[in-house]
Amino acid sequence: MGGTAVVVGGGIGGLASAIGLRRIGWEVTVVERASVLDDAGAGISLAANGLRALDELGVGGPVRAASRGQYSGGTRTPRGGWLARMDGTALERAVGTPIMGIPRATLHRLLREALPADSLLIGVEAGPVRQLGPGTVRVECGGTALDADLVVAADGIGSRVRGLLFPHHPGPVHSGSAVLRAVTERPVDLRTDFELTWGHGAEFGHIAFRDGRAEWHAVLGLPAGTRFADPLAELARRFHGWHDPIPALLDATRPGSVLHHDVRELRTPLASFTVGRIALLGDAAHAMTPDLGQGACQALEDAVTLAAALADERTVEAALARYDTERRPRSQAVARAARQAGRMGHQLSRPSAVALRNTVMRLTPSRAAVRMILRHHDWVPPRLG
C-alpha cells in the first residue's frame, strides 16, 4: 500500500516518520513552521530502542558515527559520593549498544539529510486539518492546501492538531519543574561520559560528546513562567559547592547559550493516537518528562511502528488501528515511569526521604539496575523490508 502523506512538524519525530513513510514507498511532505532551522536544543541521549529504530529507518550508522558511547558515570550526591554506577559495557552486552550521546542539532541534520530537500516546506504554518471524506485529509498551509491520504501530527507538546482532534482534553500541564541546559563552548576534561547528581529538589547532569564538548542540564523546582535575568549566574549561585566537574561545565558555557524551558507533560493520557486518517506522533501524542531520557526514543519507535503498519495492512484505517494498539500502551507506560522517576529523583526535597532514597540506591545491585533500564531500552522494531 502506497499513498501521500503530510507530516506536520519537522522535529525528530516528524522527520523520522517522513523517512519511514518514504522507505515504504509513500510520497511525503513535511511542513515546518520555523523559518530558520537552528535546531534549538542542547544534547540528547539515545538508548538501544531509539538506535534500533534509527537502524530500521536506515540512518543508524551515521548517527552512531556522530555519537559518543556513554560507558562510564552514574548518579552522585552534591558532595560527589556515588549512589549508583553506570556500566555501559554491561548494557552493551545486554542490548548491543551503550546509551549514545549526540548534539540535538547533529541528529536533526542527519535526519534531514535522509530526505529530499524538496520534501521539506520550511517557514510554513500548518493551519486547520480537515477530513474531506473517507480517503482524503486536507492541511491548510497559508494560501494553499495540501490534500493527502494521511496526516501525521508531529507538532510537539503544544500540538495544534491534537487540540483540534481532542478539544476537551486538558492538554499539557506544568510538572512543577524547569530545565536549564546548554552545550559547552569548548571541550571539558571529564572523567565520565554521563552523570546525574541529585540534591534536595534539584538535579544537575551532563552528557559527553564525541568532540570533547558536553551537554549539561539543571532541573529546578520552579513555578511555570519563572525566568532569570542571568541564567548562568543563577546556576553558578545555586550549584556553588557541588562536586567537580559541575563548576567546570558552567565555566565553559557561553552565557547566551543557556536554554530555559518549563517541563510540561501530557499527564492525562489520550484515549487514542488516531482520528480518521490523522495520526498523532511523538510529543503530540505522549509528551513526557525527561527523567528517563526516553522522549525522542519513543517518537522514533512511533515512526517505525507507523510505517510498518502502513506497509503491512491493506487499508490506512487498519494500519492506524494497529499503530494505536501497539504504541499507546507502551508509550503511556513509559510516560508514567518517567513521572515516577522524577518524583524519586530531583523532586525529593525532604531530608528523610532523600536519605532513604540514597540508601536504597547504594544497596541496589548493579545487575538489578541494568534490568530496570532494560524494561524500556530492550525494544525490537518491526521490519520495514
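Table: residues versus (1) open to solvent by less than 10 Å² (accessible area, probe 1.4 Å); (2) under 21 Å from Arg383 (Cβ atoms); (3) of a type in the set (Asp, Glu); (4) within 19 Å of the chain's Cα centre (by Cα).
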residue: Leu21; (1), (2), (3), (4): yes, yes, no, no
residue: Gly41; (1), (2), (3), (4): no, no, no, yes
residue: Ala48; (1), (2), (3), (4): yes, yes, no, yes
residue: Arg64; (1), (2), (3), (4): no, yes, no, yes
residue: Thr77; (1), (2), (3), (4): no, no, no, no
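When Gly50, Gly10, Gly74, Gly69 are checked against the criterion of being part of a loop (DSSP other than H, G, I, E, B) and either in contact (Cβ under 8 Å) with a residue 40 or more places away in the chain or among the charged types (D, E, K, R) (or both), Gly10 stands alone in meeting it. Just one of the listed residues (Arg191, Arg160, Arg138) is under 21 Å from the mean Cα position of the chain (by Cα) and among the basic types (Lys, Arg), namely Arg160. Filtering region 4-18 to residues that are farther than 16 Å from Ala285 by Cα and either at pLDDT below 95 or open to solvent by less than 10 Å² (accessible area, probe 1.4 Å) (or both) leaves Ala5, Val6, Ala18. Pairs linking a residue in region 202-229 that is more than 17 Å from Gly41 (Cα to Cα) to a residue that is of a type in the set (Asp, Glu) and open to solvent by 20 Å² or more (accessible area, probe 1.4 Å), with Cβ atoms under 6 Å and 6 or more positions apart or on different chains, are Ala224/Asp262; Phe228/Glu234.
Taking the criterion of being closer than 30 Å to Ala202 by Cα and either buried (at least 17 other Cβ atoms within 10 Å of the Cβ) or among the basic types (Lys, Arg) (or both), the residues of region 91-101 that qualify are Leu91, Thr97, Pro98, Ile99, Met100, Gly101. Screening the candidates Asp302, Asp291, Asp230, Asp251 for the property of being under 30 Å from Leu164 (Cβ atoms) and open to solvent by 40 Å² or more (accessible area, probe 1.4 Å) yields one hit, Asp291. Residue count for region 345-385, restricted to those that are closer than 30 Å to Ala311 by Cα and either outside any helix (DSSP H, G or I) or open to solvent by 30 Å² or more (accessible area, probe 1.4 Å) (or both): 10. Could you say whether any residue in region 158-173 is of a type outside the set (Asp, Glu), touching a residue at least 12 places away in the same chain (Cβ under 8 Å) and assigned to a strand (DSSP E or B)? Checked region 158-173: at least one residue is of a type outside the set (Asp, Glu), touching a residue at least 12 places away in the same chain (Cβ under 8 Å) and assigned to a strand (DSSP E or B).
Are any of the residues in region 343-358 free of Cβ contacts under 8 Å to residues at least 12 places away in the same chain, polar (S, T, N, Q) and within 29 Å of Ile19 (Cβ to Cβ)? No, the conditions are met nowhere in region 343-358. For region 102-149, a residue qualifies if it is among the small types (Gly, Ala, Ser), part of a helix (DSSP H, G or I) and open to solvent by 70 Å² or more (accessible area, probe 1.4 Å), and exactly one does: Ala117.
The values are calculated or read from the model by the stated rules, or taken from the named source; none is laboratory data. Note that this is a predicted model, so its numbers are computed, not measured. Please note: Cβ atoms are built from the backbone with ideal geometry, for glycine as well, and neighbour counts cover all protein chains shown. With ligands, DNA and RNA removed, areas are computed over all heavy atoms of the protein, side chains included. Shrake-Rupley method; radii C 1.70, N 1.55, O 1.52, S 1.80 Å.
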